[in-house]
Amino acid sequence: MLKKIEELERQAKETIKAATDPKALDDLKIRYLGKRGEITAILRSMGQQPEDMKPLIGQKANELKDQLEGLIEQKRQELEELHRAQKWEEEKLDVTLPGTPFLVGRKHPITTVMEELKDIFIGLGFQVAEGPEVEWDYYSFEALNIPVEHPARDMQDSFYITSKILLRPHTSPVQVRVMEEKQPELPVRIIAPGKVFRRDDDATHSPMFHQIEGLAVDRGITFAHLKGTLQVFAREMFGEQQNIRLRPSYFPFTEPSAEVDISCVMCEGEGCRTCEHTGWLEILGAGMVHPNVLKISGYDPAEVTGFAFGMGIERIAMLKYGIDDIRLFYVNDHRMLSQF
Ligand code: PHE
C-alpha cells in the first residue's frame with residue numbers, strides 16, 4: 001500500500017506539473033481528491049489495512065492529500081499569472097511604434113479645374129452665378145428657344161422628375177435666370193459653374209458631370225468679343241502657345257453658333273490618337289445669344305446683343321491631366337486622386 005501511495009504521489013505530481021489550464025486542474029482535483037478520488041479511496045479503505053500499517057498509511061495518505069491540494073492551488077495561481085502576463089503582452093500599448101498615418105485630403109481635380117476656370121473668367125470681369133440642379137423644363141428648353149417636341153431636345157436627353165421638372169442637362173438655364181433677374185440692367189457678364197445630368201454613360205460621358213456656362217450681354221457685343229474671350233481662356237488654361245479654332249455649328253439658343261477647338265494638348269497640333277490625327281480638340285460650344293432668348297428674358301434684341309459659351313469641366317480636366325476615363329473622377333480612389 002505504501003508503494004501504491006508513492007506511485008500515486010509521483011504520478012500526481014507529474015500530471016499537476018503538466019497541466020496547462022484551470023479546467024485540467026479541476027479534473028485532477030476530482031481524480032485524486034474528489035469523493036471517488038484515488039486518495040479518498042485509500043483513506044476510505046483504512047478499515048481493511050493491516051493493523052500495524054494503519055498509522056503509517058493514514059499518515060502518508062493524509063500528507064499526500066494536503067500536499068496535492070497545495071500543489072494544485074499553487075499551479076492554479078501560476079496558470080493565472082501566466083494568463084495575465086499573456087494578456088498584457090497582447091494588449092499592451094507600445095508607444096514607440098510608428099503611428100497609423102493619416103491620409104490628408106486634398107482638392108478633387110474637378111474642383112481644382114473649376115477654381116482655375118473661375119479665376120480666369122473673374123479676371124476677365126465675369127461674376128459667378130448659380131442656378132438649381134433640379135430645373136423647370138421652361139428654363140432648360142423653352143426659354144432657350146427649344147419648343148416642346150423640337151428635335152433639338154434629343155441633343156440633351158435628361159432625367160425627368162415630372163413632365164415639367166428635370167435634372168438640368170446643361171448650365172444654359174442659368175443664362176435665362178440671370179437675365180430675367182437683371183433686366184433691363186447692363187452689362188450682364190456671368191459664368192455659371194455646376195453639375196449637369198444626361199442619359200449618357202461611357203469612358204468619356206457620365207450621367208452626372210460639370211459644366212461652366214458663360215454669358216455676356218451688352219450694347220455692341222460682337223462675335224469678336226466671344227472669340228477674344230475664348231482665346232484668352234485657352235491660353236491661360238493650356239499655355240501661351242494655344243490657338244483656338246471655331247467651326248460652324250448649331251445650338252437653338254445661339255445664332256450663329258460655333259464648336260470651339262483648341263490645338264491638341266498632347267501633340268501640340270502634330271496629330272495623334274487623342275485628337276484623332278486632326279491636331280485639334282473640341283472643348284466647348286458657343287455662339288451669339290439668339291434674339292428669341294434675349295427677348296424672352298426681357299432684353300430688346302434690337303438694342304443689345306450677347307455671346308454665350310458652355311464647356312464640360314471633366315473634358316478640360318481629362319485633357320489637362322491626361323486622364324482617359326471620366327469614371328476615374330467619381331470612384332474616390334485616392335491612388336488616382338492623390339496624383340493631382
Ligand atoms: N449648352 C450647350 C451644351 O450643353 C453648350 C452651349 C452653351 C452652347 C452656350 C452654346 C452656348 O452642349
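The values are calculated or read from the model by the stated rules, or taken from the named source; none is laboratory data. Remember, predicted model here, so these are calculated numbers, not experimental data. Here the Cβ positions follow ideal geometry from the backbone for every residue, glycine too, while neighbour counts run over all protein chains shown. Surface accessibility is based on the protein's heavy atoms, side chains included, excluding ligands, DNA and RNA. Shrake-Rupley method; radii C 1.70, N 1.55, O 1.52, S 1.80 Å.
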Q: Select from region 166-193 the residues that are open to solvent by 10 Å² or more (accessible area, probe 1.4 Å) and within 27 Å of residue 323 (Cα to Cα) and list them in ascending order.
A: 167, 193
Q. Checking residue 124 against (1) more than 30 Å from residue 338 (Cα to Cα); (2) touching a Phe, Trp or Tyr at 6+ places or on another chain (Cβ under 9 Å); (3) open to solvent by 100 Å² or more (accessible area, probe 1.4 Å), which test does it fail?
A. (3)
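So how many residues does region 1-37 have that are within 60 Å of the chain's Cα centre (by Cα), of a type in the set (A, V, I, L, M) and surrounded by 11 or more Cβ atoms within 10 Å (Cβ to Cβ)?
Of the residues in region 1-37, the ones within 60 Å of the chain's Cα centre (by Cα) are 15-28.
From what is left, the residues that are of a type in the set (A, V, I, L, M) are 16, 18-19, 24-25, 28.
Adding the requirement that they be surrounded by 11 or more Cβ atoms within 10 Å (Cβ to Cβ) leaves 16, 19, 24-25, 28.
So the answer is 5.
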Q. Looking at (1) under 21 Å from residue 156 (Cβ atoms); (2) polar (S, T, N, Q); (3) touching a Pro at 6+ places or on another chain (Cβ under 9 Å), which is the only condition residue 297 fails?
A. (3)
(Q) Of everything in region 245-286, what is at pLDDT below 95, of a type in the set (Gly, Ala, Ser) and more than 37 Å from the chain's Cα centre (by Cα)? Give them in sequence order. (A) none
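Report the residue count in region 284-340 for those that are within 15 Å of the ligand (Cβ to nearest atom) and of a type outside the set (Gly, Ala, Ser).
Taking region 284-340 and keeping what is within 15 Å of the ligand (Cβ to nearest atom), we get 284-294, 297, 305-316.
Imposing the further condition that a residue be of a type outside the set (Gly, Ala, Ser) reduces the set to 284, 288-294, 305, 307, 309, 311, 313-316.
Qualifying residue count for the region: 16.
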Q. For residue 236, are the conditions met, namely being more than 16 Å from the ligand (Cβ to nearest atom) and either more than 21 Å from residue 206 (Cα to Cα) or touching an Asp or Glu at 6+ places or on another chain (Cβ under 7 Å) (or both)?
A. yes
Q: Of the numbered conditions (1) outside any loop (DSSP other than H, G, I, E, B); (2) farther than 30 Å from residue 31 by Cβ; (3) open to solvent by less than 70 Å² (accessible area, probe 1.4 Å), residue 99 fails exactly one; give the number of that condition.
A: (1)
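Each row is one residue, and each column tells you yes or no for (1) open to solvent by less than 20 Å² (accessible area, probe 1.4 Å); (2) within 18 Å of residue 309 (Cα to Cα); (3) at pLDDT 95 or above.
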| site | (1), (2), (3) |
| --- | --- |
| 144 | yes, yes, yes |
| 151 | no, no, no |
| 155 | no, yes, no |
| 200 | no, no, no |
| 216 | yes, yes, yes |
| 224 | no, yes, yes |
| 243 | no, yes, no |
**Q.** Any chance residue 260 is within 16 Å of the ligand (Cβ to nearest atom), β-branched (Val, Ile, Thr), under 30 Å from residue 179 (Cβ atoms) and open to solvent by less than 70 Å² (accessible area, probe 1.4 Å)
**A.** yes
Q) For residue 136, all conditions in the list (1) open to solvent by 80 Å² or more (accessible area, probe 1.4 Å); (2) modelled with pLDDT under 90; (3) not hydroxyl-bearing (Ser, Thr, Tyr) hold save one; what is the number of the exception? A) (2)
Q.
Could you check region 42-69 and list, in sequence order, the residues that are more than 28 Å from residue 15 (Cα to Cα) and in a helix (DSSP H, G or I)?
A. 47, 48
Q | Breaking point among (1) open to solvent by 60 Å² or more (accessible area, probe 1.4 Å); (2) assigned to a helix (DSSP H, G or I); (3) under 30 Å from residue 329 (Cβ atoms); (4) touching a residue at least 60 places away in the same chain (Cβ under 8 Å), for residue 114 | A | (1)
Q: Please enumerate the residues belonging to region 133-150 that are farther than 20 Å from residue 286 by Cα and part of a helix (DSSP H, G or I).
A: 137, 138
